[in-house]
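Below you'll find the structure, written out as structure tokens, and then a few comments.
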Amino acid sequence: MQVTVPSDVLIRELDGESVILDLNSERYFGLDSVGTRMWVALSTSASIQTAYDALLTEYEVEADQLKHDLCTLVEQLAEQGLIKISSEQ
């Protein structure tokens with residue numbers, strides 16, 4: 001599965017934290033520094049699994065905890081329409 005960012009969604013980073021804005025709905029979502037890193041990994045990786053693998057090497061965290069946190073973030077972003085999840089091509 002792969003994450004893509006719709007063209008009407010903007011992200012702005014400031015001091016390691018980010019705000020994601022959906023221009024159509026005017027909804028926004030704030031991310032702390034770890035959430036911002038997850039966003040970058042998700043939006044630039046070929047798949048969610050690739051993003052997970054990269055994050056697992058960067059952070060000292062239990063694999064299950066990272067999986068839970070990453071899945072929670074993906075679900076929240078998808079529910080808000082800030083990302084789209086598609087099958088890998």
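Just so you know, all these numbers are worked out from the coordinates, no wet-lab data involved. The model shown is predicted, which means the values in this text are computed figures rather than measured ones. Neighbour counts are summed over all protein chains in view; Cβ atoms, including those assigned to glycine, are modelled from backbone coordinates with ideal geometry.
Be a star and scan the stretch 56-74 for residues whose amide nitrogen sits under 11 Å from the point 7 Å along the Cα-to-Cβ vector of Ser33.
In the stretch 56-74, the label zone of Ser33 (backbone N under 11 Å from the point 7 Å along Cα→Cβ) covers no residue.
Quickly estimate the mean residue ellipticity at 222 nm for the chain, helices only: each DSSP H run with n ≥ 4 gives -39500 (n - 2.57), and the total goes over all residues, rounded to 500.
-14500 deg cm²/dmol
Is the stretch 48-87 rounded, prolate or oblate when judged by the Cα gyration tensor, a ≥ b ≥ c being the square roots of its eigenvalues, rounded requiring a/c under 1.5 and prolate requiring a/b larger than b/c?
prolate
Note the angle between two axes, namely the Cα long axis of helix 48-58 and the longest principal axis of the Cα atoms of the chain, as a number of degrees from 0 to 90, rounded to the nearest 10.
With rounding to tens, the tilt is 60 degrees.
Apply the Karplus curve 6.51 cos²θ - 1.76 cosθ + 1.60, θ = phi - 60°, to the phi angles in the stretch 14-27 and return the couplings in whole Hz, x for Gly and Pro.
Calculated HN-Hα couplings, in order: 9, 6, x, 9, 9, 10, 10, 10, 8, 5, 6, 8, 6, 7 Hz.
On the principal axes of its Cα set, how long, how wide and how thick is the chain? Give whole Å, largest value first.
Over the chain, Cα extents along the principal axes are 36, 34, 18 Å.
Just subtract the alpha-carbon distance of Val19 and Ile85 from 0.36 nm times their residue separation and send over the number in nm, one decimal.
21.8 nm
Read phi for every residue in the stretch 73-84 and hand back ³J(HN,Hα) as whole Hz from Karplus 6.51 cos²θ - 1.76 cosθ + 1.60, θ = phi - 60°, with x for Gly and Pro.
In residue order, the calculated couplings are 4, 4, 4, 5, 5, 5, 4, 7, x, 8, 9, 10 Hz.
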